[in-house]
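Read the structure below first, then the notes.
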Amino acid sequence: MIQADGLRKSFRGKPALDGFDLEVPEGVIYGLLGPNGAGKTTAVRILTTLLAHDAGTARVAGYDVARQPKQVRRSIGLVGQHAAVDEILSGRQNLELFGRLYQLSPRQARRRAEELLERFGLADTGSKPVKHYSGGMRRRLDLAASLILSPPVLFLDEPTTGLDPRSRSQVWQSVRELGATVLLTTQYLEEADQLADRIAVIDAGRVVAEGTPAELKSRLGGDRLDVVVRREEALERAARALSSIAGTAAETDRDTRRVSVPVSDRIAAITAALSVLGEDVEDIAVRRPTLDEVFLDLTDRDQTGGHGAKSEKEAGV
């Protein structure tokens, strides 16, 4: 449903996309992750026909974004980083307005507005001005507006930015129930982990890793052993002990007094750590790598030497 091959885009000579490739199957929620300035918003703007690319090709719902922009626009919904609804109008009036802009008849627009208010849990507040809506309600109304024509493809560009945890959870539930092909850009790794069937990590204008959340986490190995020591003075001893147990260097976080290593045999590792460290241990646990750790590992520019990712931010995109 979404395909990009070798997309390139530069601003004032600095690349924002530098050979961007993407393939999103039908019916999946696909997460696009990357640090600020990596090219996420530039990619979305190109795929939604809001920005012309310099090189490469892109197709959405079978249509070429450069040669068939009208057909692309009829096939997509777009929810940007900020709600695009009118605060003076009520929720119902907003949806009817969008319906009329999409050339629905007044009767069709009213009927579609009622359907969407019910679907997104806004029926009881549909007559209230949007200025009285909470942040989560506004975002759900924004989602509803993007679905006036039931498009097969929906682009969500950081849809929960600035929302409190409860509102974010409400938006997540709405996204899960959409049933469309969704391309989700987000900086909340928990959001991608919760929603996305597959994830692409973009850095310096190109995809550096792709797969399911579980596949990406497996890049860092299997289980990890975390030990929190009671006193900071015990950190070095714990790091040496865990490094010996795991056969690899331990990671230490002085702020949390935590030492972490990858392990293959969780029971043996816990037993050995408790035997060596004894009363120094305040807490001990075995866990899977997090998407945060994968993200940091993949986008560590100090190691990769990436420089192009800054161009998008510097260009104000």
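The values are calculated or read from the model by the stated rules, or taken from the named source; none is laboratory data. Remember, it's a predicted structure, so these values are computed and weren't measured experimentally. For neighbour counting, all protein chains shown are included, and Cβ atoms are generated from backbone atoms with ideal geometry for every residue, glycine included.
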Could you go through the range 154-162 and let me know if any residue there is farther than 21 Å from GLU87 by Cβ, modelled with pLDDT under 90 and surrounded by fewer than 18 Cβ atoms within 10 Å (Cβ to Cβ). no
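Applying the selection to the range 180-215, what residues are on the phi > 0 side of the Ramachandran plot and in contact with a strand residue (DSSP E or B) (Cβ under 6 Å, 6 or more places away or on another chain)?
Filtering the range 180-215 for residues on the phi > 0 side of the Ramachandran plot gives 204-205, 211.
Matches in the range 180-215: GLY205 only.
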In this structure, is ILE88 in a helix (DSSP H, G or I) and either in contact with a Phe, Trp or Tyr (Cβ under 9 Å, 6 or more places away or on another chain) or over 20 Å from LEU154 (Cα atoms) (or both)? no
Of (1) part of a helix (DSSP H, G or I); (2) touching an Asp or Glu at 6+ places or on another chain (Cβ under 9 Å); (3) within 30 Å of ALA4 (Cα to Cα), PRO159 satisfies all except one. Which? (1)
I'd like to verify a number: residues in the range 122-149 that are in contact (Cβ under 8 Å) with a residue 24 or more places away in the chain and either of a type in the set (Gly, Ala, Ser) or part of a loop (DSSP other than H, G, I, E, B) (or both), how many? 14
Residues satisfying the stated conditions in the range 281-317, i.e. assigned to a loop (DSSP other than H, G, I, E, B), modelled with pLDDT under 50 and under 24 Å from GLU190 (Cα atoms): ALA309
Just one listed residue, out of LEU50, LEU7, is more than 21 Å from LEU178 (Cβ to Cβ) and either touching a residue at least 24 places away in the same chain (Cβ under 8 Å) or more than 25 Å from the chain's Cα centre (by Cα) (or both), and it is LEU7
Would you call ASP142 among the charged types (D, E, K, R), closer than 24 Å to LEU163 by Cα and in contact with a strand residue (DSSP E or B) (Cβ under 9 Å, 6 or more places away or on another chain)? yes
Whichever residue in the range 240-261 is within 18 Å of ASP223 (Cβ to Cβ) and either touching a helix residue (DSSP H, G or I) at 6+ places or on another chain (Cβ under 6 Å) or among the aliphatic types (A, V, I, L, M) (or both) and, among such residues, is surrounded by the fewest Cβ atoms within 10 Å (Cβ to Cβ): ALA249
Give the number of residues within the range 216-261 that are on the phi > 0 side of the Ramachandran plot and modelled with pLDDT under 90. 1
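Do we find that GLY34 is under 22 Å from VAL294 (Cα atoms), modelled with pLDDT under 95 and of a type in the set (Gly, Ala, Ser) in this structure? Quick ask: steps written out before the conclusion?
Working: under 22 Å from VAL294 (Cα atoms): yes; modelled with pLDDT under 95: yes; of a type in the set (Gly, Ala, Ser): yes.
The answer is yes for GLY34.
Scanning for something over 26 Å from LEU143 (Cβ atoms) and of a type in the set (Asp, Glu), does the range 57-78 turn up at least one residue? Let's see the steps before the verdict.
First pass over the range 57-78, keeping only residues over 26 Å from LEU143 (Cβ atoms): 57, 64, 66-67.
Pick out the ones that are also of a type in the set (Asp, Glu) and you get 64.
Checked against the condition, which is being over 26 Å from LEU143 (Cβ atoms) and of a type in the set (Asp, Glu), the range 57-78 yields at least one hit.
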For ASP197, work out the one condition from (1) surrounded by fewer than 17 Cβ atoms within 10 Å (Cβ to Cβ); (2) within 29 Å of GLN103 (Cα to Cα); (3) at pLDDT 90 or above it doesn't fulfil. (2)
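From the list THR57, THR41, which residue is β-branched (Val, Ile, Thr), over 24 Å from THR160 (Cβ atoms) and within 25 Å of the chain's Cα centre (by Cα)? Reasoning before the result, please.
On the way: THR41 fails: over 24 Å from THR160 (Cβ atoms).
Among THR57, THR41, only THR57 is β-branched (Val, Ile, Thr), over 24 Å from THR160 (Cβ atoms) and within 25 Å of the chain's Cα centre (by Cα).
Among ARG140, ARG119, which is among the basic types (Lys, Arg) and surrounded by 18 or more Cβ atoms within 10 Å (Cβ to Cβ)? Outline the logic, then answer.
Details: ARG119 fails: surrounded by 18 or more Cβ atoms within 10 Å (Cβ to Cβ).
The match here is ARG140.
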Mind counting the residues in the range 52-74 that are in contact with a Ser or Thr (Cβ under 7 Å, 6 or more places away or on another chain), part of a loop (DSSP other than H, G, I, E, B) and either over 18 Å from GLU23 (Cβ atoms) or not small (Gly, Ala, Ser) (or both)? 2
Please return the ranges of helices (runs of 4 or more DSSP H) entirely within the range 185-272 where 1 or more residues are assigned by TED's automatic domain parsing to the domain that holds PRO165. 189-195, 213-218
